[in-house]
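What follows is a single structure, written as structure tokens, with notes after it.
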Amino acid sequence: EDGTIRITNVSYDPTREFYEAYNQMFEEHYQDTYGETVEVIQSHGGSGAQARSVVEGCNADVVTLALEHDITLIQNTGLIDAGWKEEFSDDSSPYTSTIVFLVRKGNPKQIQDWNDLIREDVEVITPDPKSSGGACWNFLAALSYAKTVNKEESGQQDFMRKLYSRVSVMDSGARGATTTFVENKKGDVLVAWENEAITIQNSYAGEYEIINPSVSILAQPSVAIVDDNADANGTQEVSRQYLEYLYSDEAQRLIGTYGYRPADAEILKEYADKFELTIDLWSIDDFGGWDNAYETYFDDGALFDQIYNHS
Amino acid sequence: MYVEMKNIYKKYGDFLASDNVSFGVEKGKLVALLGPSGSGKTTLLRMIAGLENPNEGDIFIDGKRVNDIPASKRGIGFVFQSYALFRYMTVYENVAFGLELQKMPKKQIKERVTGLLSLTGLAGMEKRYPNQLSGGQRQRVAFARALAPNPQVLLLDEPFAAIDAKVRTELRTWLKEMVTKLGITSIFVTHDQDEAVEVADEIIITNHGVVEQMGTPLEIYKSPDTPFVAQFIGRSSVVEDYDRLKGFERIPHADKAVIRPEFVKISKSGKLDQYISAAELGTVKEVIFKGNRMDVVVDINGIEVTGERSLEKDLVSVGETVHVLIYRLYVFDEEKTYLLENKEMQEQDVFYI
Amino acid sequence: MYVEMKNIYKKYGDFLASDNVSFGVEKGKLVALLGPSGSGKTTLLRMIAGLENPNEGDIFIDGKRVNDIPASKRGIGFVFQSYALFRYMTVYENVAFGLELQKMPKKQIKERVTGLLSLTGLAGMEKRYPNQLSGGQRQRVAFARALAPNPQVLLLDEPFAAIDAKVRTELRTWLKEMVTKLGITSIFVTHDQDEAVEVADEIIITNHGVVEQMGTPLEIYKSPDTPFVAQFIGRSSVVEDYDRLKGFERIPHADKAVIRPEFVKISKSGKLDQYISAAELGTVKEVIFKGNRMDVVVDINGIEVTGERSLEKDLVSVGETVHVLIYRLYVFDEEKTYLLENKEMQEQDVFYI
Amino acid sequence: MSENEKLERSRRRTKIILITITVLFIVLMLVVPLLSVIVNSLREGFTFYIESISTEYVRHSLLVTLLATGIAVVVNTIFGICAAWLLTKFSFRGKQILATLIDIPFSISPVIVGLAYLMTFGRLGWFYPVLRAFNQHFGTDVRIAFAIPGVVLATVFVTFPFVSREIIPVLNVQGKDEEEAAALMGAKGFTIFRKITFPHMKWGLIYGIILCTARALGEFGAVNALSKTRGETFTLPLEIDALYMSGTKTSITAAFAVSSILVILAIILLIARNIIEHRGKEKEPKGTR
Amino acid sequence: MKKAKKTRVIPGYHLTFGIVITLLSLIVLIPLASVLVYALKLSPGEWFRLIMKENVRNAFLTSVGCSFLAAVINTVFGLILAWTLVKYEFPGKKLLDGFIELPFALPTAVAGITLSKLFTDSGFYGKIFAKLGIRIAYTKAGLVIALIFVGIPFVVRAVQPVLEKMDGQYEEAAFMLGASRRKTFLAVILPELRPALLTGFGLAFARGIGEYGSVIYISGNSAKDKTQVISYVIMQKLGMIDYESATAIALLMLIISFVLLLFINIVQARQSARTNLL
Ligand SMILES: Nc1ncnc2c1ncn2[C@@H]1O[C@H](COP(=O)(O)OP(=O)(O)OP(=O)(O)O)[C@@H](O)[C@H]1O
Ligand SMILES: Nc1ncnc2c1ncn2[C@@H]1O[C@H](COP(=O)(O)OP(=O)(O)OP(=O)(O)O)[C@@H](O)[C@H]1O
Ligand SMILES: [Mg+2]
Ligand SMILES: [Mg+2]
Ligand SMILES: O=S(=O)([O-])[O-]
């Protein structure tokens, strides 16, 4: 009515601070470029739950979720046109992250790598992959390590079983796990997203340390336009601009500032002091893509259930 | 007939609470509905008021069939057993309520309410709330409230049940006077026969949803139509082999007799100067002081009979032999009652000074 | 004295509910506590039971001071006004409750309960719950329950208040028989004088926390000690200028007289054959049918007097002139009552057939 | 020592034990969590406290909360009064079942409430096509799920029986004599309600409204499923959740600060409830009717 | 003879009936029916399979078990609280009484967060328990505590009015028959309170089974430790857009709620039929 264009970005929990900043940047950019006012309305939550809310009618113009799989789910209901992954660069993944460890100041339990996590005296905090999309990355990161050090499948499973038997609290989401570790002071090590770990480290200055494992996974959050909604709202173009602009240099730097790894390799290098670039990062393709990974590991009765319930 | 019920049936589920009830009440009469608990008295009253609908049958008020007229339009005043005074209104507001609904001008309302309150002896209590009144006063407010809109018919459901014995007696007299003075057709429910007998012009006796008898108190007292009425009304002892008593013969199929204390005269042996031949000899079994009289229980050849004796007379004592004269008794079979007079007594009644 | 209260004071806050009360009850007697509402009857009963403690004074049972013995150890049976039957227990369980507490063997309990239930006419109702009983039956269960542990004293608080008029009369007789049969010392509360007079061996009359009089019903009836008792007991009309009546002279300071219906004889004009000189002429103002008698209200020179007339006598009608003979009346000043006999009557009492 | 004294002593002992248990339970289980919210909210100082409760988000979500609460109170009051009238003044077949149905929201998981609304009004719900047709036909953009109406509906659902639950027992005890008496005199429905019934249920109604308000202010689970956009459809509890989930040290304190608004509102309401109840009981005409 | 037509004396039957049914349908019944309809698309066999999955079954056992335990504890404490608040006078009573509804008013999430903070090993209470070697947060014990928190008002508020109205004569009657106070309580008072206790218990139990916000923070949601509650599992399923499982579980929960409420209602009706005439 007032000439303001409103778009809704449905995202997942650990991107709150980033998108708060990015939206402002974008709104200014759009104003400057086209002289029109855009207001971005933001929504956060567990990645899966956020995907579901879009399926159920949440009027999202764009989604920026933790997993490609979550976007595929929306695509399956017809809201997003096929081929979204190719719509933007880098598989529509403007930023990436990985899984690292957060330990208390001075690293009292001397945790250096994944194999320290299966020690009897270590309490691990990591969220439940069955309810949190983000936590699936944690699982896959550990599995990457297991596959690296263990060629035998039984050995890999054994490692995973031991690891998850060390988990003392398994929260429903990444944020819950963080709170448990940070606020409630539970556990010795938090298996966390790199950006999350960086945020905590900055926010609780001097209280926590980040430990980079030797092997981890390349977490590729994906973005897409929810075509049906955007069409209906007449915001297809703004939405495109919104996601496109994520790849701009300013935005990529902003991404770096907020602890995500910029997709732009050059800009990523500017943040070499922040991100350990030598970690051996596996990718989802090493696990046969999301759908395959999901079925093999996270479905009811699949690997996770087997190792966890009997660990 | 001013209020009339014709062949009324009322069912609650499977239970027949009124079973072909018909009766009529004349204009200006005060009628009691008397019967044991659960006999359907309240049900009848509520149907007249329109608070309940009969399953079958017609109700007439002033010659007009009112079955389809809603309760509020029947022009009936109703005094509820528990008074149902409006708790959050003062006495004045309670009485004025019906008048306000009629959109009567304030001034007129005030006049009428004040008049009614002084009529009912409640002057000066206008501002009180019901809970600041005694039971008797509440009853009168309920009465004034029911009267305020000038109803043609007044219905009262056990108006005295919740009141002290002492106050009750006063209120009864008061009610009777009031209703007579106003000439309003009234029906009240009671299960207390003293109350019915004392207050009502006519009594309707109900039992198991049926009207057993209707008549003046005296009629009902003196000639009960049905065995139920004979036993229900008055203080009665039931005697089986009444034909063993002097002067009474057995009536076929009538196996039981009712003897009321006032049918019995007990005299100290030798003091009875008439009807000696009609009198029995009995032994005093018990003498019970009843405040204003003595009840004397006498055993006559194994038949126990109770009579009354004035306090002014000589005391009889337990074990003493006395003369017992039974004037009459009721006998009844399944359906009917018969009044039997003592045959041994002469035609002429006993002579009293 | 089996139960004795000596100089009992009981305060509720500032309110003196018992004011120097002393009385004694002999073993085996059935005593009524009679008085208006709020006169402290319940309070006295509850103190005897131990449910309340007096502020001052001693309570003795069987010669032993029981003030410091808790209620449950006093060996007293208590029948509550609303019975307080245990709703969630059957009749059997209710009655057995006290016995089980005494750890009586099951078999004995069964015997005793069965015995009590058949004594109270409740055989066959063992399995029912209280709400499946009629009011009278409930009363009897309460009674059986109180009797079960073989108490030496039985206290009953308005045992009949909640019961139908008809049933009440039966139950009174029943209670009296039962208590007499068992020889148990009993005290019951009532505010109904008929009840007290009919049932009790002795009556204690309370008013404003004070015992006004104690005595047999006859004593209390015939010689009320205090003005309160004179007015409270019997059906009494109060007359102010009693000295205008033939045969009665004014007593200094005694401004009021009480005339009871049984003090009054009403005869059709000319039918009175004795004491003509002692009788007044009056006009019948009202004739009220009372079931077993007529109440006749007569106006004697502006003084209204009520008398009774048997149904067997000729009817008198309103407006008729009748002879009224007043045998006696009570007069009273602030503190005392005096019985005045009609002086015009001869020494010898009226002669009745 | 006499037996009476012994008895009195043991009675006093029981009393002390029970009072101790009660005080401990209420303090430890209810008061301490409450205080802990307050203490946590002040962890970063008072200035921070004021700052965190005066953000645009908080202000907006407070408005949404108040709107949802207001509507819930109005709807549930109307419903509560009607239900109480229906259930206490009339007898009809199926009354017991109706009474049971009214209580259902008490015992249903908020998660299921959210699910139920989504399956009705959400894109997958059967009502969605109807809504879409409506919108197309009238050119409107009416939304229920993920919009304010959904938030309001969910709030109404979870507080649904609160008012009726409070007034039904009151009216049950009162019976229907007074209404019958008034109806018999020709009073119309609204007059009867206003003059006769309302004074009886006034205190119960106020009490019910207060409880309903308290519960509506705090509803999280059901609304959470239907409200996804911060600053738009968020209620205070969702805003608290959002702050808590922001995961910085200060945002958690901010979450507690915002919670403290609700806590303070709740305390005010509960105190009001007590005062009102107390007054109500005092003013209530005592004695038998 | 004319047939009677049904008229009601007190006005407003049709109006209130209409409003009640409309609102009830719109707000409660139709949405719940949607779940029902969706769930009924599943064949009984499929439904059974879904609700018998190990994690679902475990969550059910946890929810029902912990709620039951919490409801039992609440019943005991609720009785004590109600008793004290009704029968005794002591300073601060009114204030404490006001706190009973706090769990209604506090957002469940806030309650959950606060409780979990208090009961972790480093929390205000958790520290004390940790010294004793007892873990509360992230165990079933924590879950039960959260459920006690949300359930206590149901019991207290159900019992309080009954106690207030209860005729002291029952106690006195038992006392006169020689009963000790304990015996009086057990044999006479408790049966009187039973319906109210049952209502309170039932509501607390039902509420507990469905509780979400206040338990998920303190329970730890571990499938291994079986601290996942059933609402958590529904959310899990929903998070994976597994509507079949979610509605299958929801249906079961709806049935449980219904059965519980119905059970309470029937017992109440039976009790009152047996007793209300006195
Ligand atoms: N609403 C009702 N539903 C079912 N049965 C009813 C209803 N109202 C009355 N009854 C039954 O109908 C019968 C007659 O009831 P009614 O109230 O008319 O008796 P009553 O003569 O007034 O008795 P009471 O002297 O005890 O007041 C009783 O058996 C009663 O149980
Ligand atoms: N617990 C109490 N606290 C204060 N006053 C009381 C208490 N119990 C009784 N009273 C007062 O003491 C007086 C006597 O009461 P009590 O119950 O003994 O009277 P009563 O003779 O049994 O009356 P009723 O016939 O109405 O039962 C009354 O005025 C009453 O108000
Ligand atoms: Mg009746
Ligand atoms: Mg009393
Ligand atoms: O955003 S999460 O899916 O990791 O909760």
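So the values come out like this:
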{"item": "In segment B:52-78, residue nearest to B:E126 (Cα to Cα) [restricted to those that are at the interface with another protein chain (Cβ under 9 Å from one of its Cβ atoms) and in contact with a Phe, Trp or Tyr (Cβ under 8 Å, 6 or more places away or on another chain)]", "result": "B:P54"}
{"item": "Residue satisfying condition, being more than 16 Å from C:I187 (Cα to Cα) and assigned by TED's automatic domain parsing to the domain that holds C:A196, within set C:I59, C:I69", "result": "C:I69"}
{"item": "Selection status of B:K10, away from chain D (no Cβ under 14 Å), part of a strand (DSSP E or B), under 25 Å from the mean Cα position of the chain (by Cα) and closer than 25 Å to D:E179 by Cβ", "result": "yes"}
{"item": "Elements of type helices (runs of 4 or more DSSP H) contained in segment A:52-123, each with 2 or more residues being out of contact with any Ser or Thr (no Cβ under 6 Å at 6 or more places or on another chain) and either on the phi > 0 side of the Ramachandran plot or within 16 Å of ligand 5 (Cβ to nearest atom) (or both)", "result": "A:68-76, A:89-92"}
{"item": "Residue that is farthest from ligand 1 (Cβ to nearest atom), among those in segment A:10-39 that are buried (at least 22 other Cβ atoms within 10 Å of the Cβ) and of a type in the set (A, V, I, L, M, F, W, C)", "result": "A:F26"}
{"item": "Only one of E:T84, E:T108, E:T75, E:T114 that is touching a Ser or Thr at 6+ places or on another chain (Cβ under 6 Å) and open to solvent by 10 Å² or more (accessible area, probe 1.4 Å)", "result": "E:T108"}
{"item": "Segment E:91-129: number of residues that are aliphatic (A, V, I, L, M), in contact (Cβ under 8 Å) with a residue 40 or more places away in the chain and either more than 8 Å from chain D (Cβ to nearest Cβ) or within 21 Å of D:M245 (Cβ to Cβ) (or both)", "result": "4"}
{"item": "Among (1) open to solvent by 20 Å² or more (accessible area, probe 1.4 Å); (2) under 29 Å from D:E166 (Cα atoms), the one test that E:I128 misses", "result": "(2)"}
{"item": "Any chance C:T216 is more than 16 Å from ligand 4 (Cβ to nearest atom), open to solvent by 10 Å² or more (accessible area, probe 1.4 Å) and within 14 Å of another protein chain (Cβ to nearest Cβ)", "result": "yes"}
{"item": "Every residue from segment E:109-134 that is part of a helix (DSSP H, G or I) and within 30 Å of D:L217 (Cβ to Cβ)", "result": "E:A109, E:V110, E:A111, E:G112, E:I113, E:T114, E:L115, E:S116, E:K117, E:L118, E:F119, E:G126"}
{"item": "Failed condition for C:V141, given (1) away from ligand 4 (no atom under 16 Å from the Cβ); (2) open to solvent by 10 Å² or more (accessible area, probe 1.4 Å)", "result": "(2)"}
{"item": "Any hit, segment A:222-235, residues being touching a helix residue (DSSP H, G or I) at 6+ places or on another chain (Cβ under 7 Å) and either farther than 30 Å from A:T37 by Cα or open to solvent by 20 Å² or more (accessible area, probe 1.4 Å) (or both)", "result": "no"}
{"item": "Any hit, segment D:137-149, residues being of a type in the set (A, V, I, L, M, F, W, C), assigned by TED's automatic domain parsing to the domain that holds D:G231, in a helix (DSSP H, G or I) and surrounded by 24 or more Cβ atoms within 10 Å (Cβ to Cβ)", "result": "no"}
{"item": "Residue that is nearest to ligand 4 (Cβ to nearest atom), among those in segment B:17-41 that are within 14 Å of chain E (Cβ to nearest Cβ) and under 28 Å from D:F90 (Cα atoms)", "result": "B:S37"}
{"item": "Enumerated helices (runs of 4 or more DSSP H) restricted to segment C:37-146, each holding at least 3 residues that are in contact (Cβ under 8 Å) with a residue 40 or more places away in the chain", "result": "C:41-49, C:91-101"}
{"item": "All positions within segment C:77-127 that are hydrophobic (A, V, I, L, M, F, W, C), at pLDDT 90 or above and farther than 22 Å from E:R181 by Cβ", "result": "C:V91, C:I109, C:V113, C:L116, C:L117"}
{"item": "Residues within segment D:159-189 that are open to solvent by 30 Å² or more (accessible area, probe 1.4 Å) and either more than 9 Å from chain B (Cβ to nearest Cβ) or not in a helix (DSSP H, G or I) (or both), tallied", "result": "10"}
{"item": "Verdict on C:A148 being at pLDDT 90 or above and away from ligand 2 (no atom under 16 Å from the Cβ)", "result": "yes"}
{"item": "Residue within segment D:170-179 that is in the same structural domain as D:V111 (by TED's automatic domain parsing), among the acidic types (D, E), without any contact (Cβ under 8 Å) to a residue 24 or more places away in the chain and touching a helix residue (DSSP H, G or I) at 6+ places or on another chain (Cβ under 8 Å) present", "result": "yes"}
{"item": "Strands (runs of 3 or more DSSP E) fully within segment A:181-234 counting 2 or more residues that are closer than 20 Å to A:L143 by Cβ and of a type outside the set (S, T, N, Q)", "result": "A:189-193, A:215-217"}
{"item": "Test for C:T169: is it more than 12 Å from every other protein chain (Cβ to nearest Cβ), in contact with a Lys or Arg (Cβ under 8 Å, 6 or more places away or on another chain) and surrounded by 16 or more Cβ atoms within 10 Å (Cβ to Cβ)", "result": "no"}
{"item": "Criterion violated by D:I104 - all others in (1) under 18 Å from D:T69 (Cβ atoms); (2) open to solvent by less than 20 Å² (accessible area, probe 1.4 Å); (3) among the aliphatic types (A, V, I, L, M) satisfied", "result": "(1)"}
{"item": "Residue within segment A:57-73 that is in contact with a strand residue (DSSP E or B) (Cβ under 9 Å, 6 or more places away or on another chain), free of Cβ contacts under 8 Å to residues at least 24 places away in the same chain and either within 14 Å of another protein chain (Cβ to nearest Cβ) or within 22 Å of A:S216 (Cα to Cα) (or both) present", "result": "no"}
{"item": "Given (1) closer than 20 Å to B:L175 by Cβ; (2) open to solvent by less than 30 Å² (accessible area, probe 1.4 Å); (3) modelled with pLDDT of 90 or more, number of the condition B:K27 does not satisfy", "result": "(2)"}
{"item": "Residues that are open to solvent by less than 50 Å² (accessible area, probe 1.4 Å) and modelled with pLDDT under 85, drawn from segment C:249-259", "result": "C:I251, C:A254"}
{"item": "Tally, over segment C:154-207, of residues that are within 16 Å of ligand 1 (Cβ to nearest atom) and either of a type outside the set (G, A, S) or not assigned by TED's automatic domain parsing to the domain that holds C:T43 (or both)", "result": "5"}
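So that you can scan it fast, the table gives a plain yes or no per residue for (1) more than 8 Å from chain E (Cβ to nearest Cβ); (2) assigned to a helix (DSSP H, G or I); (3) at pLDDT 85 or above:
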{"site": "D:T191", "(1), (2), (3)": "yes, yes, yes"}
{"site": "D:R194", "(1), (2), (3)": "yes, yes, yes"}
{"site": "D:W203", "(1), (2), (3)": "yes, yes, no"}
{"site": "D:T213", "(1), (2), (3)": "yes, yes, yes"}
{"site": "D:T233", "(1), (2), (3)": "yes, no, yes"}
{"site": "D:M245", "(1), (2), (3)": "yes, yes, no"}
{"site": "D:I261", "(1), (2), (3)": "yes, yes, yes"}
{"site": "D:L270", "(1), (2), (3)": "no, yes, no"}
{"site": "D:G280", "(1), (2), (3)": "yes, yes, no"}
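The values are calculated or read from the model by the stated rules, or taken from the named source; none is laboratory data. Keep in mind that this is a model prediction, so the values were computed, not measured. Note that we place each Cβ from the backbone using ideal geometry, even for glycine, and neighbour counts take in every protein chain shown. Each accessible area value is taken on the protein alone, full model and side chains, heavy atoms only, with ligands, DNA and RNA left out. Shrake-Rupley method; radii C 1.70, N 1.55, O 1.52, S 1.80 Å.
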